[in-house]
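What follows is a short report on a single structure.
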Amino acid sequence: VPDDIHINSHKGKYSVIFENNSLDILRNESKENSIYIIDKNISKLYKSELRSIIESKKCLIIEASESNKSLDKFPSYTKSLIDLGIKRNQTLVSIGGGIIQDISCFLASTLMRGLQWIFYPTTLLAQSDSCIGSKSSINSGDLKNILGTFNPPKRVILDTNFLETLKKEDIYSGIGEMIKVHAIDSLDSFKRISNDYEKILLESSSMAFYIHESLLMKKKLIEIDEFDEGPRNVMNYGHSFGHAIESATNYSIPHGIAVTIGMDMANFVAAELNISTSYHFDRMHEVLDKNCSNFRNIEINVELLMNALYKDKKNTKNQLRLIFPDNEGQIMIDLYDKTPELQKGIANYLNLYQV
Ligand SMILES: NC(=O)c1ccc[n+]([C@@H]2O[C@H](COP(=O)([O-])OP(=O)(O)OC[C@H]3O[C@@H](n4cnc5c(N)ncnc54)[C@H](O)[C@@H]3O)[C@@H](O)[C@H]2O)c1
Ligand SMILES: [Zn+2]
């Protein structure tokens, strides 16, 4: 197993602990001071391993859906946790992917003005990306991720064995985020993960290595800018376009795959607008294209995409905040005007590569 990772945050240091037998730990630990929030699929797939928790009457099971991380669901979570007898000195133990993480983190921030929480990430996206960085994001009405807090867990227990039951598309989704942080880190880091793309899919040791690498790369950014006021912004590479793609397709493309298409689109548009050169599009296209190949047959309507892009919460009143490679291939954030050329670049990309 990879070395543990220690992260500095505004709430002190916390660690990502790589574990091979987290289910044994969960089964055997004292449940006295814990209340559990568990992903519904995890509670079914690991029913016998988690039996002692599920039957402990200290456990809230939630289905991982976007509507379940909506603000209007929180009165019911609050009531359930109070009915389970949760007290301020207890720890919320959260087991699941990014959705369960967001729900748990938000509850841990707000319930009784704050509780300790521990996170067991079970999806590749949560293990390689979202489990560190302190953020919770909650939906309100049809506004996605519009409410949130910064509240790191006390500890992250990372067990890659969970990935064995994950759907293939959720593997690609997580790999999308891993490629992203490697692209931000350096041209060499990007090249290395691209060369090992097939190996990651086949060998669990290679997968674990790149999860660890991805977290170390993210650690550098969140430690200098935990509150996302500057350098950390580049972690949104592929995300302005990615979120717009998710919105334009009614969320039929998993997040990290929409981000993969979003990076490829950003690189293409950057070359068309002379922000970068086609060298960087070409350099990154092969692996990005591989990672989203199962979702190229979904139509993305350019008007819907532009509407969503213009509503991005990172924009200023008149300009779009977008992230592109520069001439050297370094990933940079800047403000851009809403020009017809931008829309044309996006439309050209969709004509060439989507459907
Ligand atoms: N707070 C953050 O920093 C942050 C960062 C990125 C993404 N997010 C949020 O995370 C969410 C996406 O997270 P996600 O991709 O982890 O998806 P998810 O939590 O929706 O999980 C995806 C699917 O996998 C299932 N699942 C989870 N673990 C499994 C396992 N081990 N085996 C089999 N099935 C399993 C879930 O039940 C679900 O059906 C989005 O809502 C996104 O906004 C948050
Ligand atoms: Zn993301």
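Only the coordinates and a few stated rules stand behind these numbers; no lab work does. Everything numeric here is computed off the predicted structure, so don't read it as measured data. Note that each Cβ is placed from the backbone with ideal geometry, even for glycine, and that neighbours are counted across all protein chains shown.
For the chain, set up a Gaussian network in which alpha carbons nearer than 10 Å are linked by springs, and say which option among Ile100, Ile62, Ile132 fluctuates the most. Of Ile100, Ile62, Ile132, the most mobile in the Gaussian network model is Ile62.
The residues neighbouring Ile222, those whose beta-carbon lies less than 10 Å from its own, together hold a net charge of +1 under the Lys/Arg +1, Asp/Glu -1 convention.
Of the beta bridges in the chain, as assigned by DSSP with both residues counted there, near 45 percent are antiparallel.
Based on the alpha-carbon gyration tensor of segment 232-355 and its eigenvalue square roots a ≥ b ≥ c, which shape applies: rounded if a/c is under 1.5, prolate if not and a/b is larger than b/c, or oblate? Judged from the Cα gyration tensor, segment 232-355 comes out rounded (a/c under 1.5). Considering helices alone, the calculated mean residue ellipticity of the chain at 222 nm is -13500 deg cm²/dmol, with DSSP H runs of length four and up weighted by -39500 (n - 2.57) and normalised per residue.
Projecting label points 7 angstrom from Cα along Cα→Cβ for Glu198 and Arg113 puts them 5.9 nm apart. Backbone geometry of segment 164-181 corresponds, through the Karplus equation with coefficients 6.51, -1.76 and 1.60 at θ = phi - 60°, to 3J(HN,Hα) couplings of 4, 9, 6, 5, 3, 5, 6, 5, 4, 4, x, 4, x, 5, 5, 4, 4, 5 Hz, x marking Gly and Pro.
Legend: distances between Cα atoms for Lys79/Lys144; Lys69/Lys218; Lys44/Lys79; Lys191/Lys314; Lys11/Lys220; pairs beyond 19 Å are Lys79/Lys144; Lys69/Lys218; Lys44/Lys79; Lys191/Lys314. With the simple spin-label model, which puts each label point 7 Å out from Cα in the Cβ direction, the Lys47 to Ser76 separation comes to 2.2 nm. A cut-off of 5 Å between modelled amide H atoms, ignoring neighbours fewer than 5 places along the same chain, links Ile118 with Leu92, Val93, Ser94, Lys154. Spin-label pair Thr165-Glu55: with each label point 7 Å from Cα along the Cα-Cβ axis, the two points sit 1.7 nm from one another. Under 5 Å between amide hydrogens, which residues at least 5 positions from Ser9 or on another chain qualify, with H placed 1.01 Å from N in the peptide plane? Answer set, sorted by chain and number: Tyr14. Largest GNM mean-square fluctuation across Ser104, Ser76, Ser252, computed for the chain with C-alpha springs under 10 Å, falls on Ser76. Using a Gaussian network model of the chain with C-alpha springs under 10 Å, which one of Ile298, Ile38, Ile211 is most mobile by mean-square fluctuation? Greatest mean-square fluctuation among the candidates belongs to Ile298. Here, the chain has an Rg and a Dmax of 20.2, 61 Å when only alpha carbons are counted. Taking each of Lys13/Lys154; Lys13/Lys135; Lys47/Lys135 in turn, the alpha-carbon distance tops 18 angstrom for Lys47/Lys135. Axis of helix 278-291 versus longest Cα principal axis of the chain: the two differ by about 40°, to the nearest ten degrees.
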